[in-house]
């Protein structure tokens, strides 16, 4: 039927047990040479000025489920799902790793796990998916899906495992027991215990988010070392809609990012990222309309979805912040012209992409709502007017009071180490900080302000020269011997600072205050009462936040010639494909009992009521009432709009029952490699009465027909989703459908079909 339930987990690369963890001799050997920003072509300022997706092109054709961290050496490290990296390679990599000095040019540096390496509880041949790498309890921890364990001989017994390492590239050692063990499903089989993502809260507690379509997404607390689940898990996103979760904290809110629809339907993949937010890491998470992600009519505000360019199936995201303070989303996508790694219907080719993540009105959105980028874009900022790694010795132009030396690649000492003048205007200042045995350690900003970790008092403190102070408690159990990340931003007369484990949106403490006077002059590294270590010190111009999203499609004047209000039967413009005599017009509406039929695959038994569309750009809208109830299974009853060329090439926008959920699905079928392929994109949350729109645009460069889908629960506020395309030499017509299952009997009511220019 084109919908997912319990087969083909979306993090899968092809089949449950297909993957192995062998390394790839056909690929170039890992490059372990030290990297610095100077190793890459740069623009003025010492970093690449532009980048273009996919990021992973230099070392991999596919690099699914990516995450990126910044290491203690100031370099960036990426991790992806177990797959072959190149077309034709045929050998699987056990969590491939890559490294970059600038987030633009990447080098493969080997696999996390050697051939045959697996935890004791993993079955032979188990694969590893969807890594999440974090700095926890003074070491690197990789959380990873283990696809097959020894719990069941039948397979499908997913678990979340963990491995630890002293550096971002290992060596990685598996923990003996799973973090989350396989969970039996109430309806049989094993719940999809996949796609782990760790989060540390301001109180120092560690959490793990995990799960997928069969079983939903849950969160559980972890032990202090981050290696064991404790207590009872809490559901945070409903099953049959979400997976690939990622949580971060922003402006006091917890944001749950989750991917939805099918990750791996080749040229019909409609994977996308939605979000909800909460005041607690345990939820409830609600979308911008206040709808919970755990409701049967599940919420979710779109963050990232396909826009009609080459990239489809954009999802399973990670997160990072560059040195200017700009947030970025890292994710995978599928080139619709090259959707498979090798043979058709094999492994989906999903390279790593990155794009700007903006915050508008309290909600995250990619590229101000424009979606995934294709072509040159401004690159992330990875160097600044100050970028000190302390690789060899103390800089000659830094002044010091007290005893300072470079040890272990960090400036260590007590007193103050002061740079040349680098502060002024809106800036972001960062350092990796190890308070060690100091009473306080932190940054001084000229002679106007300072931000210190006060270990003795257990707090993060910001002060101005004029006496203003802002304080936040450090979490219980704060360990000053571990490396932490301190970031300070000055924008206008406002200073904000946060302390985090590794700059991944999981702050341990945040402070903010108004400055007495502008900050200018040198930056100081300061420690009192003992020694502290500082590394990766940077000062960069602060990013300019986006305040407004790109315009959404709007309906203009009514095109009466093409529209029908269903006031007196069907007008002459309608034409049936497989007429349904049960569909009647009465009381100013089209009443159509939902058929026991469908359009997907080769069956093609459903009726389609069609009419010609105007040429050029337009918006078409219908209002459809369909009482599907909630919670119960009514697969796959639906009704809505369709853009239709023939039975094997169409885009269907409908409110639909998908197992226990009710969703607005934007399905798509096209012929590929001799057979029809179907996938879907999720647009919004339906009500019993839902308004649906398709916004049609002709691409001026290619002539392709682009249809973007929108839905509304009140006819006024719209949620816009993804774009499906049709070739330039086709003439899509617009129609209505009501099908997917006849039991229990339900009738769709269409109030009108209206075209607008």
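The values are calculated or read from the model by the stated rules, or taken from the named source; none is laboratory data. This is a predicted model, so every value here is computed, not measured. Glycine also receives a Cβ, built like all others from the backbone with ideal geometry; neighbour counts cover every protein chain displayed.
Would you mind telling me which numbered condition in (1) under 21 Å from residue 346 (Cα atoms); (2) in contact (Cβ under 8 Å) with a residue 40 or more places away in the chain; (3) in contact with a strand residue (DSSP E or B) (Cβ under 7 Å, 6 or more places away or on another chain) residue 55 fails? So residue 55 meets the others, but not (1).
Taking residue 424 as the residue in question, decide whether it is touching a residue at least 40 places away in the same chain (Cβ under 8 Å), at positive phi and under 30 Å from the mean Cα position of the chain (by Cα). So residue 424 does not fit the description; no.
For the range 168-184, the tally of residues that are closer than 15 Å to residue 96 by Cα, in contact (Cβ under 8 Å) with a residue 12 or more places away in the chain and surrounded by fewer than 16 Cβ atoms within 10 Å (Cβ to Cβ) stands at 0.
For the condition more than 23 Å from residue 330 (Cα to Cα) and assigned to a loop (DSSP other than H, G, I, E, B), residue 102 does not qualify. For the range 461-502, a residue qualifies if it is in a strand (DSSP E or B) and out of contact with any strand residue (DSSP E or B) (no Cβ under 7 Å at 6 or more places or on another chain), and exactly one does: 491. Please go through the range 204-214 and pick out each residue that is surrounded by fewer than 24 Cβ atoms within 10 Å (Cβ to Cβ) and outside any strand (DSSP E or B). Selection gives 204, 205. If you check 745, 701 for being closer than 19 Å to residue 595 by Cα, out of contact with any helix residue (DSSP H, G or I) (no Cβ under 9 Å at 6 or more places or on another chain) and surrounded by fewer than 24 Cβ atoms within 10 Å (Cβ to Cβ), only one passes: 745. Here residue 111 fulfils each of the conditions (1) farther than 24 Å from residue 506 by Cβ; (2) out of contact with any strand residue (DSSP E or B) (no Cβ under 7 Å at 6 or more places or on another chain); (3) not in a loop (DSSP other than H, G, I, E, B) apart from (2).
Of the residues making up the range 76-98, those that are in contact (Cβ under 8 Å) with a residue 40 or more places away in the chain and under 20 Å from the mean Cα position of the chain (by Cα) number 11. Being at pLDDT 95 or above and either surrounded by fewer than 21 Cβ atoms within 10 Å (Cβ to Cβ) or within 17 Å of residue 372 (Cβ to Cβ) (or both) is not true of residue 236. Can you tell me how many residues in the range 233-248 are in a strand (DSSP E or B) and farther than 16 Å from residue 284 by Cβ? Within the range 233-248, residues that are in a strand (DSSP E or B) and farther than 16 Å from residue 284 by Cβ number 4. Suppose the filter is assigned by TED's automatic domain parsing to the domain that holds residue 206 and at positive phi; does residue 299 pass it? No: the conditions fail for residue 299. Annotation note: of 624, 633, 619, 577, the sole residue that is out of contact with any helix residue (DSSP H, G or I) (no Cβ under 8 Å at 6 or more places or on another chain) and more than 26 Å from residue 697 (Cα to Cα) is 633.
For the criterion of being more than 26 Å from residue 589 (Cβ to Cβ), buried (at least 19 other Cβ atoms within 10 Å of the Cβ), in contact with a strand residue (DSSP E or B) (Cβ under 7 Å, 6 or more places away or on another chain) and assigned by TED's automatic domain parsing to the domain that holds residue 620, residue 723 passes. Test residue 675 against the criterion of being outside the structural domain of residue 339 (by TED's automatic domain parsing), more than 22 Å from residue 302 (Cα to Cα) and crowded, with 22+ Cβ neighbours inside 10 Å, and give yes or no. Considered against the rule, which asks whether it is outside the structural domain of residue 339 (by TED's automatic domain parsing), more than 22 Å from residue 302 (Cα to Cα) and crowded, with 22+ Cβ neighbours inside 10 Å, residue 675 comes out as no.
Only strands (runs of 3 or more DSSP E) whose full extent lies in the range 260-363 are considered here, and the ones with at least 3 residues that are in contact with a helix residue (DSSP H, G or I) (Cβ under 6 Å, 6 or more places away or on another chain) are 352-360. Restricting attention to the range 668-700, the residues that are closer than 22 Å to residue 717 by Cα and assigned to a strand (DSSP E or B) total 13.
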